[in-house]
Amino acid sequence: MRIDIVSLFPEFVAQCAAFGVVGRAVERGLLSVHGFNPRDYAEGNYRRVDDRPFGGGPGMVMLIDPLRASLRAAREAAPGPARVVYMSPQGAPLTQAKVRELAGRERLILLCGRYEGIDERLIRAEVDEEISIGDYVLSGGELAAAVIVDAVARLREGVLGDAESAVQDSFEDGLLDCPHYTRPVEHDLGTVPEVLMSGNHAEIAKWRRMQSLGRTWQRRPDLLDEAALSKADRKLLEAYRAALEA
Ligand SMILES: NC[C@H]1CCC[C@@H](CNc2ccc(C(N)=O)cn2)C1
């Protein structure tokens, strides 16, 4: 998978692909991340990448042509179609389902804005979709792009070993993750739930599912779409609630 980053600070995002599982995926050639800086494509001796907004108001707006030239250079840097994603608070909320969809592509181009924004004509002509990582404003789209790189990379085949499998990920099945424990069993901070040492894998799976359901119900009822729950799930959630009242 190739991800191109169009940004005034491309090294910022490349750094985010230099560590951990994503860094290893890059080393192993499962993923490559390349930066394209609009300033390298800006005309004139000041190499302008922004200008004042029509209609007045504070701040500056990113110019069309340096961005357009950067996007063209990114497209032409490798074969195959690329999905152009603009990171912006005006975008569709990022979900794990969207991450899975993006991870299925061979090429992404992530467009990172700065200042007050990007000339709307460039967005309309070049951007396939706008994505937001949350309802807040950052000084630039680079951190949002780094989130996409990480979330997408870990879903690519071969990136996570069995030790870190994304299969049981929270949100993979639309629920929050269950609690996790490791050694020691006895600790002044408490002990480990008996069932996890029972060796009974069916019981352990049931307990983990019940914890995921219960936590989702308690912390993120908005995610808990009753309709999506199986009969067994509803029974487990009932047991979780009953245990709370006991
Ligand atoms: N009008 C401000 C806006 C102009 C264009 C550039 C963005 C960069 N900052 C971002 C980008 C994305 C997100 C997000 N939630 O995904 C938050 N912040 C800021």
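Taking a ≥ b ≥ c as the square roots of the Cα gyration tensor eigenvalues, with a/c under 1.5 meaning rounded and otherwise prolate when a/b beats b/c, else oblate, which class fits the stretch 153-246? Oblate is the answer for the stretch 153-246, as a/c is 1.5 or above yet b/c matches or exceeds a/b. Suppose a student asked you for the relative contact order of the chain, using Cα pairs under 8 Å spaced at least 6 residues apart; what percent would you report? In percent, rounded to a whole number, it is 18. Per residue of the chain, the DSSP helices (runs of n ≥ 4 H) give a summed -39500 (n - 2.57) that works out to -11000 deg cm²/dmol at 222 nm. Over 5 Å intervals from 0, what percent of Cα-Cα pairs in the stretch 96-214 sits in each interval? Reading the bins upward from 0: 2, 8, 14, 15, 15, 12, 10, 9, 6, 4, 3, 2, 0. Grab the Cα-Cα distance for E106 and V192, subtract it from 0.36 nm times how many residues apart they are, and report the gain in nm with one decimal. Once the chain is fully extended between E106 and V192, it gains 26.7 nm.
With the charge dipole of the chain set up from +1 on Lys and Arg Cβ and -1 on Asp and Glu Cβ about the Cα centre, the Cα lying farthest toward the positive end among the listed residues V21, H34, A202 is that of H34.
Taking every DSSP beta bridge that has both residues in the chain, what percent is antiparallel when rounded to the nearest 5? Taking every DSSP beta bridge within the chain, about 10 percent pair in antiparallel fashion. Rg and Dmax of the chain, based on Cα coordinates, read 22.6, 74 Å. You can think of it this way: the chain between A202 and L244 has 12.9 nm of extra reach, that is 0.36 nm per residue less the Cα-Cα gap.
In this rough spin-label picture, where each label sits 7 Å from Cα along the Cβ direction, the D177-R124 distance is 4.3 nm. Here the calculated FRET efficiency for D51 and A77, from their Cβ-Cβ distance with R0 = 25 Å, stands at 0.40, rounded to the nearest 0.05. Its relative contact order, with pairs defined as Cα atoms under 8 Å and 6+ residues apart, puts the stretch 120-246 at 17 percent. Entry for the stretch 1-120 at q = 0.14 Å⁻¹: log10 I(q)/I(0) = -0.66, Debye formula applied to identical alpha-carbon scatterers, no solvent contribution.
Where a number appears in this text, it was derived from the coordinates with a stated rule and is not lab data. Remember, it's a predicted structure, so these values are computed and weren't measured experimentally. We place every Cβ from the backbone using ideal geometry, glycine too, and count neighbours over all the protein chains shown.
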